[in-house]
Amino acid sequence: MLGMSCANCALRIENTVGKLSGVTAVTVSVMTNRAKVAVDEAINDNVGTRDIIDKVVSMGYTCQVESING
């Protein structure tokens, strides 16, 4: 994640991404420029990786997927 300048940026991303359907947890670190997003795969209208990236980009930040664990 690039473009974050303070803890409020991280909190804003956590709160916004956390509202997406199926997201159960979000942690964002300004220090490492990384985020971890947990998704409940049992939810039918589950959010996908592209949905999360698009949401973050729409907020004015840059991000890329480092790994997907499933």
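Annotations for the structure displayed:
- Here the gap between ASP51 and VAL65, fully extended at 0.36 nm per residue and compared with their Cα-Cα distance, gives a gain of 3.8 nm.
- Computed over the chain: relative contact order in percent, which uses C-alpha pairs under 8 Å that are six or more apart: 33 percent
- Residue-count net charge about GLY60 - beta-carbon cut-off 13 Å; Lys, Arg +1, Asp, Glu -1: +1
- Local electrostatic count, ASP40, Cβ distance below 15 Å [Lys/Arg +1, Asp/Glu -1]: -1
- Net charge, MET4 excluded, C-beta distance under 14 Å - Lys, Arg +1, Asp, Glu -1: +1
- Cα centre as origin, Lys/Arg/Asp/Glu Cβ charges: the chain dipole, Debye: 240 debye
- With helices as the sole contributors, the chain gives -9500 deg cm²/dmol at 222 nm; each DSSP H run of n ≥ 4 counts as -39500 (n - 2.57), and the sum is divided by every residue.
- Farthest toward positive dipole pole in the chain [+1 Lys/Arg, -1 Asp/Glu at C-beta], among ASN8, ALA35, THR49: ASN8
- The distance between label points at ALA42 and THR16 comes to 3.0 nm (points 7 Å beyond Cα on the Cα→Cβ vector).
- Carbon/sulfur fraction of accessible area - the chain, other protein chains in place, 1.4 Å, %: 48 percent
- Taking every Cα-Cα distance in the chain and sorting them into 5 Å bins starting at zero, the pair-distance distribution P(r) comes out as 3, 18, 32, 27, 14, 5, 1, 0 percent.
The values are calculated or read from the model by the stated rules, or taken from the named source; none is laboratory data. Only a predicted model underlies this, so the values are computations on that prediction, with no experimental measurement involved. Ideal geometry is used to build each Cβ from the backbone, glycine not excepted, and the neighbour counts take in all protein chains shown. To get the accessible areas, we keep the full protein, side chains included, count just its heavy atoms, and leave off ligands, DNA and RNA. Shrake-Rupley method; radii C 1.70, N 1.55, O 1.52, S 1.80 Å.
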